[in-house]
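**Student:** Please read through the structure below; I'll follow up with questions.
The values are calculated or read from the model by the stated rules, or taken from the named source; none is laboratory data. Source: prediction; values computed, not measured. Positions of Cβ are generated from backbone atoms using ideal geometry, with glycine treated the same way; all protein chains shown enter the neighbour counts.
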Amino acid sequence: MPQTASPFLAEGRRVGIRRITLADGPEFTARVRESKDLHHPWLFPPDTAEAYAAYAGRLIGSPDRAGFLVCERDGGAVAGFINVNNMVGGAFRSGALGYGAFAHAAGRGLMREGLDLVVGYAFGPLGLHRLEINVQPLNTASIALARRCGFRLEGFSPKMLHVDGAWRDHQRWAITAEMRACS
């Protein structure tokens, strides 16, 4: 019996990761609208077809960004998203991660599994050596996820990113390929 090719770039026990596509817009934006209370005031993913098209357009085919969806293996529902932004090659070989869970998947460990898969993909096929997560100090769920995935706190940056109408302080969490090999 022929086996069907997996739609995923990498798979864990409960989730797989795949690249974001324009066709994901309806499900993505519906999940964002369902998750507004979970995301506010930390992030504001696109919640309309137009905003999603612009967002996905910045990720698809970009040499310095990669957008991934974390999907449940059982049924394929989108549990969250993880982007690798500001990828730089050469001697730096680094990228910055941004992510968000959707409300129906929050607290189930799916994003932890998905983030681990994206980190492995970034250190493998993407050829990166270091990944950084910048998170607002009161975003305890995001900090807990970074910590559970082996990222270490490296510093504090006052007024680092403009979020929700103001410049916000952020903690810098990072992991290198060597650190991951030890976990």
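**Student:** Taking the conditions exactly as written (under 25 Å from Leu126 (Cα atoms) and touching a residue at least 60 places away in the same chain (Cβ under 8 Å)), does Gly90 satisfy them or not?
**Tutor:** Values: under 25 Å from Leu126 (Cα atoms): yes; touching a residue at least 60 places away in the same chain (Cβ under 8 Å): no.
For Gly90, the condition - under 25 Å from Leu126 (Cα atoms) and touching a residue at least 60 places away in the same chain (Cβ under 8 Å) - is not met.
**Student:** Considering every residue within the range 65-72, establish whether at least one is among the basic types (Lys, Arg), crowded, with 16+ Cβ neighbours inside 10 Å and free of Cβ contacts under 8 Å to residues at least 40 places away in the same chain. It would help to see each step written out before you state the result.
**Tutor:** Of the residues in the range 65-72, the ones among the basic types (Lys, Arg) are 65.
Filter once more, so that each one left must be crowded, with 16+ Cβ neighbours inside 10 Å: 65.
Subsequent filtering for residues that are free of Cβ contacts under 8 Å to residues at least 40 places away in the same chain retains 65.
The answer is yes; a qualifying residue exists.
**Student:** Select from the range 91-103 the residues that are at negative phi and modelled with pLDDT of 95 or more and list them in ascending order.
**Tutor:** Of the residues in the range 91-103, the ones at negative phi are 91-92, 94-103.
Those that are at negative phi and modelled with pLDDT of 95 or more: Ser94, Gly95, Ala96, Leu97, Gly98, Tyr99, Gly100, Ala101, Phe102, Ala103.
**Student:** For the condition more than 20 Å from Ala10 (Cβ to Cβ) and of a type in the set (Asp, Glu), what is the one hit in Glu72, Glu34? First the steps, then the outcome.
**Tutor:** On the way: Glu72 fails: more than 20 Å from Ala10 (Cβ to Cβ).
Result of the check over Glu72, Glu34: Glu34.
**Student:** Moving to a separate point now. In the range 78-95, is there at least one residue being closer than 12 Å to Ile17 by Cβ, of a type in the set (Gly, Ala, Ser) and either touching a helix residue (DSSP H, G or I) at 6+ places or on another chain (Cβ under 8 Å) or surrounded by fewer than 16 Cβ atoms within 10 Å (Cβ to Cβ) (or both)?
**Tutor:** Step one: filter the range 78-95 for residues closer than 12 Å to Ile17 by Cβ, giving 78-84.
Those still in the list that are of a type in the set (Gly, Ala, Ser) too: 79-80.
Filter again for either touching a helix residue (DSSP H, G or I) at 6+ places or on another chain (Cβ under 8 Å) or surrounded by fewer than 16 Cβ atoms within 10 Å (Cβ to Cβ) (or both), leaving 79-80.
Yes, the range 78-95 contains at least one residue that is closer than 12 Å to Ile17 by Cβ, of a type in the set (Gly, Ala, Ser) and either touching a helix residue (DSSP H, G or I) at 6+ places or on another chain (Cβ under 8 Å) or surrounded by fewer than 16 Cβ atoms within 10 Å (Cβ to Cβ) (or both).
**Student:** Same structure, new question: In the range 135-183, what count of residues is obtained for those that are under 20 Å from Phe92 (Cα atoms), charged (D, E, K, R) and within 19 Å of the chain's Cα centre (by Cα)?
**Tutor:** 3
**Student:** Residue check, Gly100 against (1) surrounded by fewer than 17 Cβ atoms within 10 Å (Cβ to Cβ); (2) closer than 22 Å to Tyr52 by Cβ; (3) not aromatic (Phe, Trp, Tyr), all met but one. Which one?
**Tutor:** (1)
**Student:** Continuing with the same structure: One residue is enough: does the range 45-54 have a residue meeting the conditions at negative phi, β-branched (Val, Ile, Thr), crowded, with 18+ Cβ neighbours inside 10 Å and outside any helix (DSSP H, G or I)?
**Tutor:** As a first pass, look at the range 45-54 and keep what is at negative phi: 45-54.
From what is left, the residues that are β-branched (Val, Ile, Thr) are 48.
Those still in the list that are crowded, with 18+ Cβ neighbours inside 10 Å too: none.
No, because not a single residue in the range 45-54 is at negative phi, β-branched (Val, Ile, Thr), crowded, with 18+ Cβ neighbours inside 10 Å and outside any helix (DSSP H, G or I).
**Student:** In addition: Out of Phe156, Phe151, report the one residue that is modelled with pLDDT of 95 or more, closer than 13 Å to Leu97 by Cβ and out of contact with any Ser or Thr (no Cβ under 6 Å at 6 or more places or on another chain). Don't jump to the end; show me each part of the working.
**Tutor:** Details: Phe156 fails: closer than 13 Å to Leu97 by Cβ.
After applying the criteria, what remains is Phe151.
**Student:** Which numbered condition trips up Arg180, out of (1) at pLDDT 95 or above; (2) buried (at least 16 other Cβ atoms within 10 Å of the Cβ)?
**Tutor:** Condition not satisfied by Arg180: (1).
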